[in-house]
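Colleague: My questions will all concern the structure given below.
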Amino acid sequence: MTAAACEPLVETGGPKALSAAFAGTHAWCNEKMVLSDSLSDAMALPDFFASGAFDRALDVYTEKSGASDRRAVASMWSLYYFSSLTIPYLVARVLDHQVLPVGFEEMTVALAEDGLPRTFGVSHAGAWQDTDDADVFATLAPLMRGHLRDVVGHLKAVGGIAPKLAWNNALVYIDYALRASGIEPLNAQADQLIGHKALPDGSPNPFFDCLRHEDEDGARVCRRKICCLRYLLPGVPSCGSLCALPSQRNQ
């Protein structure tokens, strides 16, 4: 689908979809990112993180999950946050050339009953770009500079998790979205994302070497550099071969 063929919003048989790319195998994105006007129980992200609401959300998830390790709770919370934010953004961006407005200051978030992020709200449907952008750092700039850096700081200050862990958690879903798109050049872009020590502006690349794709027993596996700590949460399954800890991969 080309940018010229897109309408800002398309009907999906129910509420209007934010992106034409949120269909078929990606239809679940309609539950994760919507227009803010249609998300009545949401809170603006700056208010959510600054008002104590984030701290209370972690408390709720701690109680619901029966966990005792605050870092593991915050890390798992961030996995829900990053998956719901980054995958819809990249699905729209790489499949429909649609750049959704994902700036931290302009988004809202609604929570589920267990305190985990449920749905994000955006102010509008964004803009369409006719040409493909071969620069993965340019593609991700709205996320990295305009959103992820803010959230990583709050995760450290309130949740107690190291920035390296938070960036690794975000990268898992970014890498997945790029490689699962079915667009072959995006595999090379994903490799660039984890293979460059510095960003184009010369600052350190927080994604550098956070994931490794390796051959193991005849299969290609993706492996984290830093464990997400989910093994410290009761009843939460291991992430298998993705885990950074050898002892946890077969649990």
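Derivation of every value follows stated rules applied to the coordinates shown; laboratory data play no part. Computed from a predicted model, the values in this text were never measured in an experiment. All Cβ positions, even for glycine, are placed from backbone atoms using ideal geometry, and neighbour counts span all protein chains on display.
Colleague: Using a basic spin-label model with each label point 7 Å from the Cα along Cα→Cβ, how many nm lie between Ala53 and Cys222?
Modeller: 3.0 nm
Colleague: Classify the chain from the C-alpha gyration tensor, please: rounded if a/c falls under 1.5, else prolate or oblate depending on whether a/b exceeds b/c.
Modeller: Details: a/c = 1.57, a/b = 1.12, b/c = 1.40.
It is oblate, given that a/c is not under 1.5 and a/b is not larger than b/c.
Colleague: How big is the charge dipole of segment 110-229 about its Cα centre, in debye rounded to the nearest 20, if each Lys and Arg gets +1 on its Cβ and each Asp and Glu gets -1 on its Cβ?
Modeller: The dipole magnitude comes to about 540 debye.
Colleague: Right, next: Report the gain in length on full extension from Ser68 to Gln129: 0.36 nm times residue separation, minus Cα-Cα distance, nm rounded to one decimal. Please report the intermediate quantities before stating the final value.
Modeller: Working: separation 61, 0.36 × 61 = 21.96 nm, distance 4.62 nm.
Fully extending the segment from Ser68 to Gln129 adds 17.3 nm.
Colleague: Highest mean first, how do 165-173, 122-130 rank when packing is the count of other Cβ atoms within 10 Å averaged over residues?
Modeller: Descending packing order for the listed peptides: 165-173, 122-130.
Colleague: Now for a separate question. With a Förster radius of 25 Å, plug the Cβ-Cβ distance of Phe208 and Ala180 into 1/(1 + (r/R0)^6) and report the FRET value to the nearest 0.05. It would help to have the intermediate numbers written out before the result.
Modeller: Working: r = 22 Å, r/R0 = 0.87.
Efficiency, from the Cβ-Cβ distance: 0.70.
Colleague: Let me ask you something else. Can you tell me the FRET efficiency between Ala198 and Ala112 if r is taken as the Cβ-Cβ distance and R0 is 41 Å, rounded to the nearest 0.05?
Modeller: Values: r = 38 Å, r/R0 = 0.92.
That gives a FRET efficiency of 0.60.
Colleague: While we're here: Would you calculate a helix-derived [θ] at 222 nm for the chain, using -39,500 (n - 2.57) for each DSSP H run of n ≥ 4 and dividing by the full residue count, to the nearest 500?
Modeller: Details: 7 runs with 88 residues, N = 251.
Computed mean residue ellipticity for the chain: -11000 deg cm²/dmol.
Colleague: If you don't mind, another one. When a/c reaches 1.5 or more, the comparison of a/b and b/c decides; with that in mind, is segment 65-177 rounded, prolate or oblate per its Cα gyration tensor?
Modeller: Working: a/c = 2.19, a/b = 1.75, b/c = 1.26.
Since a/c reaches 1.5 and a/b is larger than b/c, the shape of segment 65-177 is classed as prolate.
Colleague: Got the relative contact order for the chain handy, in percent, Cα pairs under 8 Å and 6 or more residues apart? Could you put the intermediate results ahead of the total?
Modeller: Values: 415 pairs, mean separation 50.1, N = 251.
Relative contact order, the chain: 20 percent.
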